[in-house]
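The values are calculated or read from the model by the stated rules, or taken from the named source; none is laboratory data. Being a predicted model, the structure only gives us computed values, none of them experimental. With ideal geometry, Cβ positions are generated from the backbone for all residues, glycine too; neighbour counts draw on all protein chains shown. Only protein heavy atoms, including side chains, enter the accessible area calculation; ligands, DNA and RNA are left aside. Shrake-Rupley method; radii C 1.70, N 1.55, O 1.52, S 1.80 Å.
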Amino acid sequence: MGRLELSPQDKEQIKNHGLTEAQVEEQVALFEKGPPYANLARACTIGDGIRRFDAETVDRLINTFEQRGRSREMVKFVPASGAATRMFKAPLKIYHEHSQIDRDTLADMAEKQGAQYADVLEFIDHLDSFAFYDALKQHMETGGHNIESLRRSGDLRHILAYVLTEKGLDYGQKPKGLIQFHRYADGARTAFEEHLVEAADYVKDADGKCRLHFTVSPEHENRFWSLLTQTGPAYESAYSAAFDVAFSRQHPSTDTIAVDMQNRPFRDQNGRLVFRPGGHGALIENINNLGADVVFIKNVDNVVPDRLKTETYRWKKVLAGYLLELEEQIRGHLRQLETDDHGLDLGAAETFVENELGVRLPPEIKSATLEKKRRYLIDRLDRPLRVCGMVPSSGEPGGGPFWVKDPDGSESIQIVENAQIDPASPHQQAIVKDLSHFNPVDIVCSLRNERGQPYDLRRFVDDSAVFISHKSKDGRDLKALEHPGLWNGGMAFWNTVFVEVPLITFNPVKTVNDLLRDVHQA
C-alpha cells in the first residue's frame with residue numbers, strides 16, 4: 001500500500017470496517033495536504049442567487065404541490081442521531097463540577113463567573129415553563145423529593161441529577177429527538193413526535209401514507225421504536241395518516257481513520273487503528289439508500305408548536321411546488337437536447353442553466369462547438385435537484401449561500417460553511433460580511449431522473465470539501481476527518497436553487513433554554 005506501513009492485522013481491520021487500503025491511504029493524504037478553501041466570488045443576495053416570491057407566486061406553487069406532489073413517493077428525512085449533550089452542556093458542567101449547590105450560590109457564581117452559571121440559573125428559575133416539567137416532577141416525587149422546595153432553598157444538584165441521569169429523565173444521554181419540546185393540553189410532545197405531526201400535513205400522499213426516515217445512533221434506536229409504538233396510533237387517528245417510519249444508522253464504511261499530530265495512523269492502547277464517525281456528510285449514503293423520489297430534509301430540533309405550524313406547512317409546499325416546476329422544465333430541456341442532435345439552438349437550455357440553476361458556464365464551453373456544448377448541458381441538467389430555503393441572517397452559526405468560483409472557470413451557487421472559508425484572506429472575509437441570508441437546512445430534493453431511475457448521489461459529492469477537527473483519545477491528541485458536509489460538499493454538484501423563506505420557519509433548539517423562547521411556549 002505504498003507509504004503506509006500496515007500489518008496483516010491492520011489490513012484485516014480495514015477490510016472488516018468496509019473500507020479499502022486505498023481509501024485509507026487517500027484519507028491520510030487529505031490530512032497531509034489539508035482541505036482546500038472555497039473560492040468565494042460574492043455572497044448570494046435577493047435577485048442574485050436567491051429568489052423572492054410574491055404572494056401570487058406563493059399561491060401558485062402551493063397549488064402546484066397539492067395538484068402534483070401527492071402522487072409522488074415523498075419522504076421526510078431527519079438526521080436525528082446527535083445526543084442532547086450540547087443542548088444540556090451548561091447543566092452537565094455544573095452537575096459534574098459541584099457536589100452540591102443551592103440557588104444563592106448559583107446566583108453568586110453566575111454574577112462572578114458568567115454565562116454557563118447564568119444559563120443554569122435561568123434554567124432552574126423557569127423550570128416549570130419546560131414541557132418536561134411534569135415528567136420531571138413525577139420522577140422526583142417517586143424518589144421522595146419535592147421539586148419546588150428544592151428549587152427555592154435546597155440542593156439543586158438533586159434536580160439536575162433527575163434531569164440529566166437515568167435516575168430521572170436521562171436527558172444528558174438521550175438524543176434531541178426524544179426530548180419533550182412542547183406542552184399541550186393533553187400532554188407534552190418530543191421533537192420526534194412533532195416531526196410526525198408536521199409530516200402528516202405535507203408528506204402524506206394521495207393514499208394517506210406518510211413516510212419518514214430518521215438517522216439514529218444504534219444505542220437509541222429501540223427508544224425511538226418504543227415511542228413510535230406508544231404514540232403513533234393516536235397521531236395516525238388524529239391526522240388521518242398511515243405512518244411508514246424507518247430508521248437507519250451511519251454505516252461503518254463511512255468512518256474515517258484518525259491520525260496523530262504527525263499525520264501517522266493513530267493507534268489505541270492495544271495498538272489497533274482508530275476509526276471515527278465521518279460526520280453528518282456521511283449521511284449522503286443513507287439518503288442514497290432511501291430509494292425515494294421527493295425528499296424533504298429538516299433538522300430534528302427545528303420544530304414549533306401547533307399554533308405556529310401553518311407557516312411551516314405553507315413554505316414547505318412552496319419549496320416543493322417550485323421543485324416540481326423546475327424538474328419539469330429541466331426534463332423538457334433534456335428531451336430536446338437528447339433528441340435533436342443537429343442544427344440545434346442551444347440558447348434556451350444555456351439561458352435556463354445560467355438564469356434558473358445558478359451556474360455560470362466556463363469560458364471553454366461558451367466558445368465550444370455545438371456538440372461539445374450540447375454534451376456539457378446534458379451533463380449539467382441531468383443531476384439530482386434541490387431547492388433550499390434561505391432565511392434572513394439572524395446571527396446563527398452555520399452555512400450561507402455564496403457564488404463560488406470553480407476550477408474550470410465557471411461559477412455556481414453553493415452552501416458554504418465558515419470552516420471552508422480562508423480566515424487569513426481579507427478579500428474572502430469581506431465577502432462573508434456581505435452575507436444577508438443563512439441556510440436553515442430547509443431543503444426539498446428530487447432524486448430520480450425522468451425514467452424513474454434514482455441518481456447515484458455519490459457521483460455528485462465534492463470529495464475535497466472535507467473537514468479536519470482536533471480531538472483526543474486516552475489523553476492523546478488526534479486529528480479526525482469528516483466527510484464533506486451533507487448540504488455543502490455532499491451536494492456540491494447537484495442542481496441547486498435558493499429561495500427566501502420567512503424567519504418564522506427557523507426555530508432551532510441548540511441549548512435547553514432556547515425552549516423558553518416564545519415560539520416554543522404554549
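Residue check: is Ile421 touching a strand residue (DSSP E or B) at 6+ places or on another chain (Cβ under 8 Å) and either at pLDDT 90 or above or over 27 Å from Pro305 (Cα atoms) (or both)?
Values: touching a strand residue (DSSP E or B) at 6+ places or on another chain (Cβ under 8 Å): yes; either at pLDDT 90 or above or over 27 Å from Pro305 (Cα atoms) (or both): yes.
Yes: the conditions hold for Ile421.
Looking at the structure I just gave you, is Ala107 touching an Asp or Glu at 6+ places or on another chain (Cβ under 6 Å) and open to solvent by less than 40 Å² (accessible area, probe 1.4 Å)?
Numbers: touching an Asp or Glu at 6+ places or on another chain (Cβ under 6 Å): no; open to solvent by less than 40 Å² (accessible area, probe 1.4 Å): yes.
For Ala107, the condition - touching an Asp or Glu at 6+ places or on another chain (Cβ under 6 Å) and open to solvent by less than 40 Å² (accessible area, probe 1.4 Å) - is not met.
Looking at the stretch 117-139, I want the residues that are in contact (Cβ under 8 Å) with a residue 40 or more places away in the chain and have a partner that is open to solvent by 30 Å² or more (accessible area, probe 1.4 Å) and charged (D, E, K, R) with Cβ atoms under 6 Å, at least 6 apart or on another chain. Which pairs are those?
Ala131/Arg183
Say whether the condition of being touching a Ser or Thr at 6+ places or on another chain (Cβ under 9 Å), over 23 Å from Asp59 (Cβ atoms), surrounded by fewer than 20 Cβ atoms within 10 Å (Cβ to Cβ) and of a type in the set (D, E, K, R) is met by at least one residue in the stretch 351-360. So that I can check it myself, show each step before the final result.
Going through the stretch 351-360, the residues touching a Ser or Thr at 6+ places or on another chain (Cβ under 9 Å) turn out to be 357-360.
The next check asks that each one be over 23 Å from Asp59 (Cβ atoms); those that pass are 357-360.
Add one more test, that the residue is surrounded by fewer than 20 Cβ atoms within 10 Å (Cβ to Cβ), and what stays is 360.
The next check asks that each one be of a type in the set (D, E, K, R); those that pass are 360.
Yes, that holds for at least one residue.
Yes or no: Arg374 under 20 Å from Met491 (Cβ atoms), buried (at least 16 other Cβ atoms within 10 Å of the Cβ) and of a type outside the set (Gly, Ala, Ser)?
On the way: under 20 Å from Met491 (Cβ atoms): no; buried (at least 16 other Cβ atoms within 10 Å of the Cβ): yes; of a type outside the set (Gly, Ala, Ser): yes.
Considered against the rule, which asks whether it is under 20 Å from Met491 (Cβ atoms), buried (at least 16 other Cβ atoms within 10 Å of the Cβ) and of a type outside the set (Gly, Ala, Ser), Arg374 comes out as no.
Quick grid of which residues meet (1) assigned to a loop (DSSP other than H, G, I, E, B); (2) on the phi < 0 side of the Ramachandran plot; (3) touching a strand residue (DSSP E or B) at 6+ places or on another chain (Cβ under 8 Å):
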site: Asp10; (1), (2), (3): no, yes, yes
site: Lys15; (1), (2), (3): no, yes, no
site: Pro36; (1), (2), (3): yes, yes, no
site: Val58; (1), (2), (3): no, yes, no
site: Ile62; (1), (2), (3): no, yes, no
site: Ser81; (1), (2), (3): yes, yes, yes
site: His96; (1), (2), (3): no, yes, no
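Can you report the number of residues in the stretch 433-476 which are of a type in the set (D, E, K, R), open to solvent by less than 50 Å² (accessible area, probe 1.4 Å) and part of a helix (DSSP H, G or I)?
Looking only at that region, the number is 0.
Is it the case that the stretch 209-217 has a residue that's of a type in the set (S, T, N, Q) and under 24 Å from the mean Cα position of the chain (by Cα)? Working first, answer last.
Taking the stretch 209-217 first, the residues of a type in the set (S, T, N, Q) are 215, 217.
From what is left, the residues that are under 24 Å from the mean Cα position of the chain (by Cα) are 215, 217.
Yes: the stretch 209-217 contains one or more residues that are of a type in the set (S, T, N, Q) and under 24 Å from the mean Cα position of the chain (by Cα).
Check the stretch 327-343 and report whether any residue there is open to solvent by less than 30 Å² (accessible area, probe 1.4 Å), among the charged types (D, E, K, R) and either under 35 Å from the mean Cα position of the chain (by Cα) or modelled with pLDDT of 95 or more (or both).
yes
Table: residues versus (1) surrounded by fewer than 20 Cβ atoms within 10 Å (Cβ to Cβ); (2) assigned to a helix (DSSP H, G or I); (3) in contact with a Lys or Arg (Cβ under 7 Å, 6 or more places away or on another chain).
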site	(1), (2), (3)
Gly177	no, yes, no
Phe181	no, no, yes
Ala188	yes, no, no
Phe192	no, yes, no
Asp207	yes, no, no
Cys210	no, no, yes
Glu221	yes, yes, no
Ser226	yes, yes, no
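Got a number for residues in the stretch 36-50 being more than 14 Å from Val497 (Cβ to Cβ) and either over 21 Å from the mean Cα position of the chain (by Cα) or open to solvent by 60 Å² or more (accessible area, probe 1.4 Å) (or both)? If you could, list the steps in order and put the result at the bottom.
Residues of the stretch 36-50 more than 14 Å from Val497 (Cβ to Cβ): 36-43, 45.
Of the ones still in play, those that are also either over 21 Å from the mean Cα position of the chain (by Cα) or open to solvent by 60 Å² or more (accessible area, probe 1.4 Å) (or both) are 36-37, 39-43, 45.
Selection size over the stretch 36-50: 8.
Out of the residues in the stretch 228-270 that are closer than 30 Å to Glu5 by Cα and in contact with a His (Cβ under 8 Å, 6 or more places away or on another chain), state the one that is surrounded by the most Cβ atoms within 10 Å (Cβ to Cβ).
Thr256
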